[in-house]
Amino acid sequence: GAGVAVAGTAGEVTALDGPTGAVRWTYARPGAHVRALVPTPDGLLLLAVFAPRDGGKDRQHLTVLDAFTGVPVQETLIDDVHGPDPLAPTSTVLPSLTYLGNNDFRVDALDLRSGNPLWSWKAPEGCVSPFALPASGRDVVLAPLLCQYRLSVLGLDERTGTPRWEHRLPVARPSDEKADYYLHSAPGGGKVSLSLRYSGLATGSNTDVVLDAATGTLLSTMDPKAPTRITLGPVAVSERDENGKTTAATLDGGVAVDLAACPDRRAQATTPTAYLRLCGSPGGGMVVHRQELDGSPSSTLPVSWPPAAELTGALLSGSGRHALTPAPGALVAARAGDAAVGGFPAARP
């Protein structure tokens, strides 16, 4: 939409205007709590999953909202969702997985506007489609494929389910070990990253790549020891970790990240011009640190939040208690619980 959507603790979704923070609309489902909140890549629709607040066994409700008005487009019952990861919509469909047995899954697509099943895809004879959390480009659904002599990821057309492209790796010897697929998409769905692991691969080439989502064209290869994180925004970040600690990081174009400026990072994001981090400060507060990509001096902005309250059905929990989200007209900082959402100017002062 034109700002940011926030899930409340009482089963409500509120859209805030980016530049002003004013409430644009609110949608509520009394007696439920928001289990997941995910926009489509084109920003026109917002997917909200509501679960019974009493923890009952009822199926959850997927409500598709118009991102600009909050008007429900359609609603359907779906299986249990434990967070945003299982939701990977394209601009018009929501893919899901159905287990067929023998490590093989079928991809099913739900039309977001009608709520009707649109298509299903399964691996061809002699192949399987192993499990991977769904991932999508703007208008393609990613599908893993493992055959006797190849390991692939397919880009399925969102409207037909027909394979549009295939990223293929040769298999030298079939293995009983499972293949691992780590699939991610950039905000807006223009790029996807693939990290593929299988002991039977003929070579180690092109196992870690960034592709154009629409065509499958190879955009870049990634260092497996410093994978490229394309999910943070328009500028990707490559981080090298040792023993769970980030020891080096670079941005697209080779700009080195100033790790010392934010030793206690809670969240991160990028804009076309800056790398942003939400950092814990020694005094117990927090700041947003902004590192400019053009080498201009960095800056910090304090974030004022009250002491953390008890979490009740929050979307942000565990290691992801904080979020930093570039939105139209603002940079939005959020924390799990009942703390206020803070908006900062999107551009450098």
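Bear in mind these aren't lab numbers, they're just calculated from the coordinates by the rules spelled out. Just so it is clear, the structure is predicted and the values come from calculations on it, not from any experiment. No Cβ is skipped: glycine too gets one built from the backbone with ideal geometry, and neighbour counts run over all protein chains shown.
Based on C-alpha pairs under 8 angstrom that are at least 6 apart in sequence, the chain has a relative contact order of 10 percent.
According to the Cα-based calculation, Rg over Rh for the range 102-246 is 0.97, with Rh computed by the Kirkwood formula. Once both labels are positioned 7 Å from their Cα atoms along Cα-to-Cβ, the gap between THR26 and ARG150 label points is 5.4 nm. Among the lysines of the chain, pairs that are 8 or more positions apart or on different chains and have alpha carbons within less than 22 Å of each other number 4.
Shape index of the range 47-136: Rg/Rh, with Rg the Cα radius of gyration and Rh the Kirkwood radius from the inverse mean 1/r over Cα pairs, equals 1.00.
Distant-in-sequence amide contacts of TRP165, defined by a placed amide H-H separation under 5 Å and a gap of 5 or more residues or a different chain, comprise GLY155. With N as its number of residues, the chain has a Cα radius of gyration that, divided by 2.2 N^0.38 Å, comes to 1.02. Highest mean first, the peptides 253-264, 288-299 sorted by other C-beta atoms within 10 Å per residue fall in the order 288-299, 253-264. Sites listed here are GluC sites (Glu not before Pro) in the range 138-236 whose DSSP assignment is loop and whose Cβ has at most 11 other Cβ atoms within 10 Å: GLU177. In this calculation the C-beta distance from LEU97 to SER281 is compared with R0 = 41 Å, giving a FRET efficiency of 0.45.
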